[in-house]
1. Any residue at all in the range 117-124 that is touching a strand residue (DSSP E or B) at 6+ places or on another chain (Cβ under 6 Å) and surrounded by 11 or more Cβ atoms within 10 Å (Cβ to Cβ)?
2. Can you find a residue in the range 264-271 that is at negative phi, surrounded by 17 or more Cβ atoms within 10 Å (Cβ to Cβ) and part of a loop (DSSP other than H, G, I, E, B)?
3. Of the residues D252, D289, which single one is part of a loop (DSSP other than H, G, I, E, B) and at positive phi?
4. In the range 34-46, what residues are of a type outside the set (S, T, N, Q) and either touching a residue at least 40 places away in the same chain (Cβ under 8 Å) or buried (at least 18 other Cβ atoms within 10 Å of the Cβ) (or both)?
5. Scan the range 283-316 for residues that are in contact (Cβ under 8 Å) with a residue 24 or more places away in the chain and of a type in the set (S, T, Y) and jot them down.
6. Can T225 be described as in contact with a Gly (Cβ under 9 Å, 6 or more places away or on another chain), surrounded by 15 or more Cβ atoms within 10 Å (Cβ to Cβ), in contact (Cβ under 8 Å) with a residue 12 or more places away in the chain and farther than 30 Å from L109 by Cβ?
7. Of all helices (runs of 4 or more DSSP H) completely enclosed by the range 1-118, which ones contain at least 2 residues that are within 27 Å of E344 (Cβ to Cβ)?
8. Among the candidates V286, V274, single out the residue that is within 17 Å of A173 (Cβ to Cβ) and touching a Cys at 6+ places or on another chain (Cβ under 9 Å).
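The values are calculated or read from the model by the stated rules, or taken from the named source; none is laboratory data. This one's a predicted model, so the numbers in the text were calculated from it and none came from an experiment. With ideal geometry, Cβ positions are generated from the backbone for all residues, glycine too; neighbour counts draw on all protein chains shown.
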Amino acid sequence: MEPADFADLGLALHGAFLDQPLSVRREWFSPLRGAYGSAIDRFLDSVSRDLLALRAELQSDQALKNRGRHELVEFPYLKRFPIVRLRDGSLKCWHPTVFVRGMEEIVHLRLGAHGANYSEQFSKLFEQYVVELLTQARCRMVTEAQQWEAFGRASAAVEAILPFDGCTVFVEAKLGLFGEEVLHTDSEEAVHAKTKALREAARKAVKVIDAMARTPEAFIGCPATSENFLLVVTNRELYVRGGEQLERLYPDGQHVLDTPGAEKLVPLSNIFYVAIDEFERLMGCVEADTIRLPEFLRQVSRSNGSPEKAKQFLTDYLREYVERWPVPHLLRDARRSSEERLTEALRRQGSK
């Protein structure tokens with residue numbers, strides 16, 4: 001199925017559930033058949049199960065790893081199949097929020113079953129998307145290619161370096177499988193084993209900061225600074241606020257940063273792990289001039305060190321600045337394109 005078809009049909013179904021009692025029949029898609037054809041059936045097959053198939057899914061090894069007491073604090077396993085096909089032919093939505101969360105994650109959950117074949121092929125696309133969001137927010141940056149040009153292709157490089165007066169923000173993107181058994185585990189050893197990518201991102205940034213300090217002439221207009229921040233953008237929410245929290249989850253003797261003096265270059269309190277949807281909102285606020293990134297990150301860093309002021313998610317801090325989330329240009333354009341395609345499909349059907 002083409003990504004555009006999936007986006008269009010997901011948007012259409014979301015609209016249907018806003019307008020209906022959380023239930024539609026397959027015939028509801030009839031006006032779109034001429035434009036989307038069999039893609040409609042493939043879409044519905046990917047997001048729904050009948051009761052017998054659902055029982056088989058819930059008895060699978062993967063489901064048994066995640067179900068149970070974890071559903072008291074996590075979205076239920078059913079978010080993988082936000083629609084249930086009933087015997088009368090209707091398509092029933094469990095709950096509007098389960099539907100939205102399911103549609104947000106369903107691509108990752110389906111493709112994640114392919115393991116490294118998925119993560120390796122899509123990592124570069126994810127990194128490009130993060131840089132594109134920075135570009136749309138009009139952030140001045142030193143790109144990965146420019147870092148390699150300055151330090152050599154074999155050197156460490158992050159997705160982007162953002163220079164500001166008095167501080168520097170480093171941005172690194174990490175797409176991983178990040179299975180829910182990792183999010184739910186109580187084992188310190190398991191957390192340490194499964195969050196290697198998060199440690200690697202922080203250690204890579206330290207190497208870049210050190211290289212900038214050793215080669216001050218590398219980037220004109222982007223000098224090394226004594227105050228540094230790191231944003232590690234992940235493809236799904238990991239419920240890890242930042243470097244300090246991650247270190248507390250590790251066994252004794254295991255650390256996020258592994259070199260002497262690394263915390264002088266970037267303190268754990270200045271390392272933030274941000275899910276892509278949070279990063280989209282953050283860049284929306286930057287693009288709309290709602291916040292200035294350095295001041296905002298300083299506030300978050302200070303608050304995270306205080307049990308009374310600390311908040312779990314970056315968006316919790318952003319709520320102080322916005323009444324309605326500013327949407328980045330890229331997402332606005334994608335939604336507008338989807339709406340236009342659906343409108344044109346319905347117009348052509350109506351003219352027959």
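1. Applying the first criterion (touching a strand residue (DSSP E or B) at 6+ places or on another chain (Cβ under 6 Å)) to the range 117-124 yields none.
Looking through the range 117-124, none of the residues is touching a strand residue (DSSP E or B) at 6+ places or on another chain (Cβ under 6 Å) and surrounded by 11 or more Cβ atoms within 10 Å (Cβ to Cβ).
2. Going through the range 264-271, the residues at negative phi turn out to be 264-271.
From the residues that got through so far, the ones that are surrounded by 17 or more Cβ atoms within 10 Å (Cβ to Cβ) too are 265-271.
Checking which are part of a loop (DSSP other than H, G, I, E, B) leaves us with 266-267.
Yes, the range 264-271 has at least one match.
3. Details: D252 fails: at positive phi.
Just a single option satisfies the conditions, and that option is D289.
4. Step one: filter the range 34-46 for residues of a type outside the set (S, T, N, Q), giving 34-37, 39-45.
Selection gives G34, A35, Y36, A39, I40, R42, F43, L44.
5. Hits for the range 283-316 are T290, S301, T315.
6. On the way: in contact with a Gly (Cβ under 9 Å, 6 or more places away or on another chain): yes; surrounded by 15 or more Cβ atoms within 10 Å (Cβ to Cβ): yes; in contact (Cβ under 8 Å) with a residue 12 or more places away in the chain: yes; farther than 30 Å from L109 by Cβ: yes.
Judged against the criteria, T225 is a match.
7. Values: elements: 3-19, 33-36, 39-47, 51-58, 61-66, 96-111.
Per the criteria, 3-19, 33-36, 39-47, 96-111.
8. Details: V274 fails: touching a Cys at 6+ places or on another chain (Cβ under 9 Å).
Step by step, each of V286, V274 is checked, and only V286 is within 17 Å of A173 (Cβ to Cβ) and touching a Cys at 6+ places or on another chain (Cβ under 9 Å).
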